[in-house]
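Colleague: Below is a structure I'd like to ask you about.
The values are calculated or read from the model by the stated rules, or taken from the named source; none is laboratory data. Source: prediction; values computed, not measured. Cβ sites come from the backbone with ideal geometry, for glycine too, and all protein chains shown count toward neighbours. Side chains included, ligands, DNA and RNA excluded: accessible areas come from the protein's heavy atoms. Shrake-Rupley method; radii C 1.70, N 1.55, O 1.52, S 1.80 Å.
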Amino acid sequence: MELHFGRAFAALAPSLLDGVGIVLYITIVGFLSSLVVGLVLAIGRLSHNRILNVILIGFIEIIRGTPLLVQFFYIYYVVPMLIAGFASMLFGVNINVQIAASTSGIIGFAINYGCYLSEVIRGAIVAVDPGQREAGLALGFNEAQVLFRFIIPPALRNSIPVFGNYLVMMIKDTSLLAMISVQELLLRTRTFASQTFLTVEAYTILALVYLVLSIPLSQAAKYLEHRLQRPR
Amino acid sequence: MSMLEIKNLSKSFGDLEVLRDININIERGEVVVVIGPSGSGKSTMLRCVNLLERPTNGAILFEGQDITRLGRDTPSYRQKVGMVFQRFNLFPLKTVLENVTYAPQRLLRLPRGTAHFQGMEYLRKVGMESKADAYPNTLSGGQQQRVAIARALAMRPEVLLFDEPTSALDPELVGDVLAVMKQLAREGMTMLVVTHEMGFAREVAHRVIFMDQGYIVEEGTPEEIFGNPRNDRTRAFLARIL
């Protein structure tokens, strides 16, 4: 077997560089959104409202119990049809709804990772010393102020290493978006391989690109974990 | 009218009665020390005074107003009542000075400069001004507790509650904290102190209350309680602890 890594890299690299841009864009926006979703869900779960809790637990279980890829398909193909269907049913208008593939990806990540992160954040909130709440209350802050000023900041800080791990997972999970036609790394590589038959080279280069993206991040997460444990 | 009147206060956790028919009056400038064996309800009583625990029955009047009925105004009442905890409960992500200035800036709306200036004054008062930029976890327990006292003082409270402020400290660090508390007492601060430090009670208290099994068993001047206790349970407790 003859391998042509040089030729493959020269031809594939520019395309993959564009793909890296798309991957980073979706990951950054998706991850920030998932943090917001996670925080909102975590706070909702901490409320003493039974009905709200049941609804949120049900939602989180549905999301965690179905594959991310299925959720991407659902958002990309099914949700637009549902919106169009409801629009014609309720308002009698026919509209053509489309959600861009990359937007579907961001929404999917926000919801899916948001559900996982909500459990991380909720655990971290519960783990904050109850003395912090009492100190805040005793000074004269109300419950909401105490939550946002004295409970959530240390909880989020303590969760940073876990967030780092989820961020690395999200980068790798962007490869699923090839299935809904996002021009990310896998789709570009597959197209290239099928045109040039440089299959071994193309997919090996692809794997290396993912490693180059994820290894520094997971190292950074490890470093942060180490640093956060050390007294400052 | 007393500054603080605790009237027929009782507190239950489920079937467990922790406080039964507690009555205490505290005058402005008075130092009242509450002693008693662990589980006697003295900490719960203290926590009821700033509503960290909700009383089951009875009333707590602060300047004539029943604070158990405040509802949404509870936080503004708590601003007037400082609390010092057994385990300090400083904010770990804030520096010593930020711990002291945070609440006055946010709640009393003090400008940053004023809050810092006053914060440094309070830190000087407790002998911690040299650690203003340190983080709490770099301090000893005694230092943390003195910062916690400065943090409570910075809200200019009308009364200070101390919940076993020296119980979590190494013995050699207790003295510094007690010295600060004595200084406050001399300056006329109204204080309600739950403690096992009998020396402090004897020296500083205007009045000593002995609690056992949720009741106030005996109440009097330090001379009366330590010199000539009338109740058997008080005598037994003091014999054990002294």
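Colleague: Could you check the simple spin-label distance between A:V78 and A:I160, using points 7 Å along Cα→Cβ, in nm with one decimal?
Modeller: Here the modelled spin labels are 3.9 nm apart.
Colleague: Quick one: length gained pulling A:M1 to A:R149 fully straight, 0.36 nm per residue minus the C-alpha distance?
Modeller: 47.0 nm
Colleague: For chain A, take the longest principal axis of its alpha carbons; what is the angle in degrees between that and the long axis of helix A:130-139, to the nearest 10 within 0 to 90?
Modeller: For helix A:130-139, the angle is close to 60 degrees.
Colleague: Another one. Give the carbon-plus-sulfur fraction of the accessible surface of segment B:25-64 in %, rounded to a whole number; probe 1.4 Å, heavy atoms of protein chains only.
Modeller: 40
Colleague: Calculate how steeply helix A:5-46 sits against the longest principal axis of the alpha-carbon atoms of chain A, using the helix alpha-carbon long axis, and give the answer as 0 to 90 degrees to the nearest 10.
Modeller: 20
Colleague: Largest first and to the nearest Å, give the Cα extent of the protein assembly as shown along each principal axis.
Modeller: 101, 56, 44
Colleague: How many Å² of accessible surface get buried when B and A come together, counting both sides, probe radius 1.4 Å, rounded to the nearest 100?
Modeller: 1900
Colleague: Given the Cα-Cα distance of B:D15 and B:A168 and 0.36 nm per residue of separation, how much length would full extension add, in nm?
Modeller: Values: separation 153, 0.36 × 153 = 55.08 nm, distance 2.96 nm.
Result: 52.1 nm gained on full extension.
Colleague: Sticking with this structure for a sec: So what's the net charge close to A:L176: Lys and Arg +1, Asp and Glu -1, counting the other residues with Cβ under 14 Å from its Cβ?
Modeller: 0
Colleague: Taking 0.36 nm per residue of separation and subtracting the Cα-Cα distance, what length does fully extending B:E223 through B:T56 add? Write out the running numbers ahead of the final one.
Modeller: Numbers: separation 167, 0.36 × 167 = 60.12 nm, distance 3.34 nm.
Additional length available on full extension: 56.8 nm.
Colleague: Another question about this same structure. So if R0 is 35 Å, what FRET efficiency would B:N25 and A:V126 give, r being the distance between their Cβ atoms, rounded to the nearest 0.05?
Modeller: Plugging the Cβ-Cβ distance into 1/(1 + (r/R0)^6) gives 0.30.
Colleague: What does the helix-only formula give at 222 nm for chain B: each DSSP H stretch with n ≥ 4 adding -39500 (n - 2.57), the total divided by the residues, and the result rounded to the nearest 500 deg cm²/dmol?
Modeller: Taken over chain B, the calculation gives -10500 deg cm²/dmol.
Colleague: Label 7 Å along Cα→Cβ of B:K182; segment B:205-236 residues with amide nitrogen under 16 Å?
Modeller: So the set is B:205-206.
Colleague: Points 7 angstrom from Cα along the Cβ direction at A:H48 and A:L208: gap in nanometres?
Modeller: Modelled inter-label distance: 6.0 nm.
Colleague: Beyond 22 Å, what percent of the Cα pairs of segment B:113-225 remain?
Modeller: 37
Colleague: For chain A, what ratio Rg/Rh do Cα atoms give with a Kirkwood hydrodynamic radius?
Modeller: My calculation puts Rg/Rh at 1.07.
Colleague: On a 1.4 Å probe surface of the protein chains, which of B:H206, A:H48 comes out largest in accessible area, and what is the full order?
Modeller: I get A:H48, B:H206, largest accessible area first.
Colleague: Turning to a different aspect of this structure: Taking a 30 Å limit on the Cα-Cα distance, which of the listed pairs B:K42/B:K131; B:K11/B:K94; B:K131/B:K182; B:K11/B:K125; B:K11/B:K131; B:K7/B:K80 fall beyond it?
Modeller: Over 30 Å Cα-Cα: B:K42/B:K131; B:K11/B:K94; B:K11/B:K125; B:K11/B:K131.
Colleague: Check B:V159: other-chain or 5+ apart residues with amide H under 5 Å from its amide H, H built from backbone geometry?
Modeller: B:G82
Colleague: Once all Cα-Cα distances of chain B are split into 10 Å bins that start at 0, what whole-number percent is in each one?
Modeller: Calculated over all Cα pairs of chain B, the distribution is 8, 31, 36, 21, 5, 0 percent.
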